[in-house]
């Protein structure tokens, strides 16, 4: 690894990188992408966080465990609430249903979501991916190797949750319905063939 560029260059790169990142990035990822040592990356991140705070900018650098991301400053949060509420309101009933299935049964496939909802869910899954509320987490080891989906940090942030443990408990009827997605055996595996790519 080559440690190059001045502190200002590294800081500017890290700010731009975190601005375009679709998810929180770890210190190791940031160091690799910036082509600097992890120690230097973390020093530049700390300096960026301090600068954003001191300059009273509308964004802050947030660290959660070993992941970093740019977030809105708390001081402007209330004024942004109307915009955020409008964006959240754009989730259709179908998207909310699909998101609930993914949230409670993750990791799950599009076929799992469709079995619970009883209708094609390709469009709503793509919509949730676009909004970064769900993300691909791997592939199921069944015929067709269907894509597995799980919720994201954005999902937690958007719904005011600190972890998936904060999800409200399901009613017994809803729990039985979503349990269908976890049924083992050839029927469940065979149904996933439609998910294969």
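The values are calculated or read from the model by the stated rules, or taken from the named source; none is laboratory data. Being a predicted model, the structure only gives us computed values, none of them experimental. Note that each Cβ is placed from the backbone with ideal geometry, even for glycine, and that neighbours are counted across all protein chains shown.
Evaluate the following for residue 156: is it part of a helix (DSSP H, G or I), within 22 Å of residue 21 (Cβ to Cβ) and not assigned by TED's automatic domain parsing to the domain that holds residue 29? Full working, then the answer.
On the way: part of a helix (DSSP H, G or I): yes; within 22 Å of residue 21 (Cβ to Cβ): yes; not assigned by TED's automatic domain parsing to the domain that holds residue 29: yes.
Yes; evaluated as a whole, the condition is true for this residue.
Which one of these does residue 141 not meet: (1) modelled with pLDDT of 90 or more; (2) more than 18 Å from the chain's Cα centre (by Cα); (3) surrounded by 13 or more Cβ atoms within 10 Å (Cβ to Cβ)?
Single failed check for residue 141: (3).
Okay, residues lined up against (1) assigned to a loop (DSSP other than H, G, I, E, B); (2) in contact (Cβ under 8 Å) with a residue 40 or more places away in the chain:
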position	(1), (2)
145	yes, yes
150	no, yes
161	yes, no
165	no, no
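I need the full set of residues from the range 106-117 which are within 22 Å of residue 169 (Cα to Cα) and either more than 19 Å from the chain's Cα centre (by Cα) or surrounded by fewer than 21 Cβ atoms within 10 Å (Cβ to Cβ) (or both), in order please.
Going through the range 106-117, the residues within 22 Å of residue 169 (Cα to Cα) turn out to be 106-109, 112-117.
Of everything in the range 106-117, those that are within 22 Å of residue 169 (Cα to Cα) and either more than 19 Å from the chain's Cα centre (by Cα) or surrounded by fewer than 21 Cβ atoms within 10 Å (Cβ to Cβ) (or both) turn out to be 106, 107, 112, 114, 115, 116, 117.
Can you pull out the residues in the range 65-96 that are modelled with pLDDT of 85 or more and either at positive phi or buried (at least 17 other Cβ atoms within 10 Å of the Cβ) (or both)?
Hits for the range 65-96 are 68, 69, 70, 95.
Just to be sure I understand, how many residues within the range 30-40 are over 25 Å from the mean Cα position of the chain (by Cα) and assigned to a helix (DSSP H, G or I)?
2
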